[in-house]
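Student: The structure is given below, and queries will be raised subsequently.
The values are calculated or read from the model by the stated rules, or taken from the named source; none is laboratory data. What you are looking at is a predicted structure, and each value in this text was computed from that prediction instead of being measured. Cβ atoms come from the backbone with ideal geometry, glycine included; neighbour counts cover every protein chain shown. Quick note on the areas: whole protein, heavy atoms, side chains included, nothing else; ligands and nucleic acids left out. Shrake-Rupley method; radii C 1.70, N 1.55, O 1.52, S 1.80 Å.
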Amino acid sequence: NAGVTQTPKFRVLKTGQSMTLLCAQDMNHEYMYWYRQDPGMGLRLIHYSVGEGTTAKGEVPDGYNVSRLKKQNFLLGLESAAPSQTSVYFCASTYGLSGPYEQYFGPGTRLTVT
Amino acid sequence: RKEVEQDPGPFNVPEGATVAFNCTYSNSASQSFFWYRQDCRKEPKLLMSVYSSGNEDGRFTAQLNRASQYISLLIRDSKLSDSATYLCVVNTLTGGGNKLTFGTGTQLKVEL
């Protein structure tokens with residue numbers, strides 16, 4: 001049981017390049033989330049999904065897109081990276097509305113945009 | 001006003017000390033509350049949930065005051081291994097499902 005895994009762990013992009021971050025969970029969780037964490041800002045929700053085939057915007061969705069084609073995977077895309085997207089990205093999952101509400105986090109992806 | 005506010009610290013305490021962290025939240029409709037722990041350059045992990053009656057887990061005690069919209073975490077007999085950032089987290093049920101709001105964290109450094 002791997003829990004929540006993220007690929008890649010580190011990445012350096014040039015401004016304007018694109019990339020996709022992959023999140024996978026093997027706990028059969030319904031809800032999945034993408035957060036970014038910046039110094040002094042705390043974790044901020046980018047997008048989330050309440051089930052396969054559904055996604056919704058979070059607090060800071062601009063510049064990102066997501067897809068949830070399979071229940072166990074949640075992809076985060078950056079179409080045209082900007083230096084402001086330099087951050088640590090965490091994926092998380094939880095059972096769903098019926099609880100429990102503990103979110104399980106992946107190890108994070110450290111992204112630098114130059 | 002931030003939805004969840006914490007004193008960022010750092011709190012530097014000697015081993016064996018008792019330390020308390022406070023957190024306030026702004027949404028009175030929030031339903032459940034948690035403390036997460038985050039080690040340097042690692043992912044957040046659940047430390048404990050916070051119940052209205054207060055709850056204890058070994059050296060850790062969490063309290064919730066709904067009237068004052070205030071959450072606390074007490075750590076007794078601090079260990080070096082307790083050094084980390086402690087995140088106050090508030091769950092609110094919205095039309096889109098559960099929404100977790102994270103505080104920016106309080107940094108604890110336990111020293112010899």
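Student: Report the dimensions of chain B along its three principal axes from the alpha-carbon atoms, largest first, rounded to Å.
Tutor: Largest to smallest, the principal-axis extents are 48, 31, 23 Å.
Student: Please work through the protein assembly as shown and write down the cysteines that have no neighbouring cysteine Cβ at a distance under 4.7 Å.
Tutor: B:CYS40, each lacking another Cys Cβ under 4.7 Å.
Student: Further question on the same structure: Residues of region B:16-48 with amide nitrogen under 11 Å from the 7 Å Cα-to-Cβ point of B:GLU5?
Tutor: B:23-26
Student: Given charges of +1 on the Cβ of Lys and Arg and -1 on the Cβ of Asp and Glu, with all other atoms neutral, how large is the dipole of chain A about its Cα centre, in debye to the nearest 20?
Tutor: Here the size comes out at about 300 debye.
Student: Same structure again: Keeping all protein chains in place and using 1.4 angstrom, which order do A:PHE90, B:PHE11 fall into by accessible surface area, from largest down?
Tutor: B:PHE11, A:PHE90
Student: Kirkwood-based Rg over Rh for chain A (C-alpha set), two decimals? Spell out each step's value before the answer.
Tutor: Values: Rg = 13.3 Å, Rh = 14.0 Å.
A ratio of 0.95.
Student: Sticking with this structure for a sec: Taking the Cα centre of chain A as the origin and placing charges on Cβ (Lys, Arg +1; Asp, Glu -1), which of A:PRO61, A:PHE10, A:GLN25 is farthest toward the positive end of the dipole?
Tutor: Sorting the options by dipole projection puts first A:PHE10.
Student: List, in order, the whole-Hz ³J(HN,Hα) value for each residue of region B:101-107 obtained from phi through the Karplus relation with A = 6.51, B = -1.76, C = 1.60 and θ = phi - 60°; use x for Gly and Pro.
Tutor: After applying 6.51 cos²θ - 1.76 cosθ + 1.60, I find 10, 9, x, 6, x, 10, 8 Hz.
Student: Below 27 Å, Cα to Cα, which lysines can A:LYS71 reach? Residues fewer than 8 away in the same chain don't count.
Tutor: Output for A:LYS71: A:LYS9, A:LYS57, B:LYS42, B:LYS45, B:LYS99.
Student: To continue, here is another question. Among DSSP beta bridges whose residues both lie in the protein assembly as shown, state the antiparallel percentage, nearest 5.
Tutor: Counting DSSP beta bridges with both partners in the protein assembly as shown, the antiparallel share is about 90 percent.
Student: Right, something else. Within chain A, what whole-number % of the accessible surface is contributed by carbon and sulfur, with the 1.4 Å probe and all protein chains included in the calculation? Could the numbers behind the result be given before it?
Tutor: Working: 2860 of 5330 Å².
Exposed carbon and sulfur together represent 54 percent of the surface.
Student: Related question: Pick from B:THR18, B:THR94, B:THR85: which residue has the top mean-square fluctuation in a GNM of chain B where Cα pairs under 10 Å get a spring?
Tutor: Result: B:THR94 has the largest fluctuation of those listed.
Student: Rg (Å, one decimal) plus Dmax (Å, integer) for the alpha carbons of region B:12-55?
Tutor: Over region B:12-55's Cα set, Rg and Dmax evaluate to 13.4, 38 Å.
Student: Using Cα springs under 10 Å in a Gaussian network model of chain A, which residue among A:GLY42, A:GLY63, A:GLY77 shows the largest mean-square fluctuation?
Tutor: Evaluated over chain A, the most mobile residue of the options is A:GLY42.
Student: Restricting to chain A, compute how many DSSP beta bridges are antiparallel as a %, nearest 5. Could the numbers behind the result be given before it?
Tutor: Working: 35 of 39 bridges.
Taking every DSSP beta bridge within chain A, about 90 percent pair in antiparallel fashion.
Student: How about region B:1-40: which trypsin sites (Lys or Arg not before Pro) there are in a DSSP loop, with at most 15 other Cβ atoms within 10 Å of their Cβ?
Tutor: Passing both the DSSP loop test and the Cβ count: B:ARG1, B:LYS2.
Student: For the protein assembly as shown, what is the accessible area per residue in Å² when the probe is 1.4 Å? Walk me through the intermediate numbers first.
Tutor: Values: 10740 Å² over 226 residues.
Counting only protein heavy atoms, the per-residue value for the protein assembly as shown is 48 Å².
Student: Still on this structure, please answer the following. Among B:VAL89, B:VAL13, B:VAL50, which one shows the highest mean-square fluctuation when chain B is modelled as a Gaussian network with alpha-carbon springs under 10 Å?
Tutor: B:VAL13
Student: Using only alpha carbons, build the gyration tensor for the protein assembly as shown and give me the equivalent ellipsoid semi-axes, biggest first, whole Å.
Tutor: So the equivalent ellipsoid measures 30, 21, 16 Å along its semi-axes.
Student: What net charge do the residues around B:LYS2 carry, taking every other residue with its C-beta under 13 Å from that of B:LYS2, with Lys and Arg at +1 and Asp and Glu at -1?
Tutor: Numbers: positive: A:ARG44, B:ARG1; negative: A:GLU59, B:GLU3, B:GLU5, B:ASP7.
Local net charge: -2.
Student: Roughly how many Å² of A:THR15 are accessible to a 1.4 Å probe, to the nearest 10?
Tutor: 80
Student: Take peptide B:27-39, look around each residue's Cβ out to 10 angstrom, count Cβ atoms belonging to other protein chains, and average those counts.
Tutor: Neighbouring Cβ atoms belonging to other protein chains average 1 per residue here.
Student: I would also like to ask the following. Please report, to two decimal places, log10 I(q)/I(0) for region B:51-112 at q = 0.21, 0.23, 0.30 Å⁻¹ as given by the Debye formula with identical point scatterers on the Cα atoms and no solvent.
Tutor: Log10 I(q)/I(0), no solvent term: -0.99, -1.09, -1.28.
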